[in-house]
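These notes are about the structure you will find just below.
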Amino acid sequence: MFKAITWCAKCLFLYLIVVILSVRFAWIFTVPVWSIATRFHWTTLKQFPFLLSYFLPIFAAVGFLIGLIPFGRLTTTAGKLFSSPSRNITTDPANFFETVSPVLWAWLPVSCAFLLRFITWQSTNTSVMDTHRSAGRLARFFGTLNVQTPVLMDTKWATDRFIYTAPMLFLMACALAVYLRQRIPGKTQSQAEPSDL
């Protein structure tokens with residue numbers, strides 16, 4: 001039970017880190033992409049509208065690239081390098097929470113939060129009796145800036161994009177990259193091989 005709680009806490013901690021990084025350091029990833037896009041004449045947008053329009057695909061691509069880095073192997077190698085050789089290693093039987101990396105399931109809590117917000121969102125200009133209360137829902141959460149209307153861009157628009165949608169896409173892309181990295185080389189990951197967190 002304690003391992004399940006710590007495993008879920010790791011997933012939520014990853015989500016919190018991704019939310020903070022997506023809000024604070026988005027410019028690290030988007031400014032180079034914007035400069036490349038303007039240099040090759042792929043876009044004529046200024047930097048801020050470009051950030052608002054293409055932040056989600058850029059952030060998902062960064063999540064995929066980070067997922068390709070084998071952090072579990074790097075920390076194990078560093079631990080072996082700096083630990084004493086007399087350290088005893090216990091060989092308890094591994095359970096689900098030890099064999100499955102939390103990064104593979106970290107997308108689950110943020111996806112649940114996103115789905116809750118996605119389902120409960122309604123436009124400010126519709127009435128309760130309106131059958132099309134969710135008009136523009138996909139454009140609000142996933143669309144570029146040019147498909148946004150003044151109705152869709154209310155005070156919670158940035159929160160919906162940067163707190164819910166972006167971390168969900170980042171963690172899903174990261175989990176997909178970790179899964180592919182573990183499966184594609186042809187050798188299956190042994191039980192003794194470290195997980196990615």
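The values are calculated or read from the model by the stated rules, or taken from the named source; none is laboratory data. Note that this is a predicted model, so its numbers are computed, not measured. Don't worry about glycine lacking a Cβ; one is built from the backbone with ideal geometry, like all the others, and counts go over all protein chains shown. The accessibility values were calculated without ligands, DNA or RNA, using every heavy atom of the protein model including side chains. Shrake-Rupley method; radii C 1.70, N 1.55, O 1.52, S 1.80 Å.
Within the range 122-138, the residues that satisfy the criterion of being among the small types (Gly, Ala, Ser) and either at pLDDT 85 or above or surrounded by 15 or more Cβ atoms within 10 Å (Cβ to Cβ) (or both) are Ser123, Ser134, Ala135, Gly136. Here the condition is being surrounded by fewer than 11 Cβ atoms within 10 Å (Cβ to Cβ), modelled with pLDDT of 70 or more and among the aliphatic types (A, V, I, L, M); of Ile58, Ile69, Ile89, Ile119, it holds for Ile119 alone.
Which of the residues spanning the range 22-37 are outside any loop (DSSP other than H, G, I, E, B) and free of Cβ contacts under 8 Å to residues at least 12 places away in the same chain? Matches in the range 22-37: Arg24, Ile28, Pro32, Ser35, Ile36. Summed over the range 21-55, the residues that are closer than 22 Å to Arg140 by Cβ, open to solvent by 60 Å² or more (accessible area, probe 1.4 Å) and among the aliphatic types (A, V, I, L, M) give a count of 2.
Summed over the range 143-176, residues that are in a helix (DSSP H, G or I), open to solvent by 20 Å² or more (accessible area, probe 1.4 Å) and farther than 16 Å from Trp107 by Cβ total 6.
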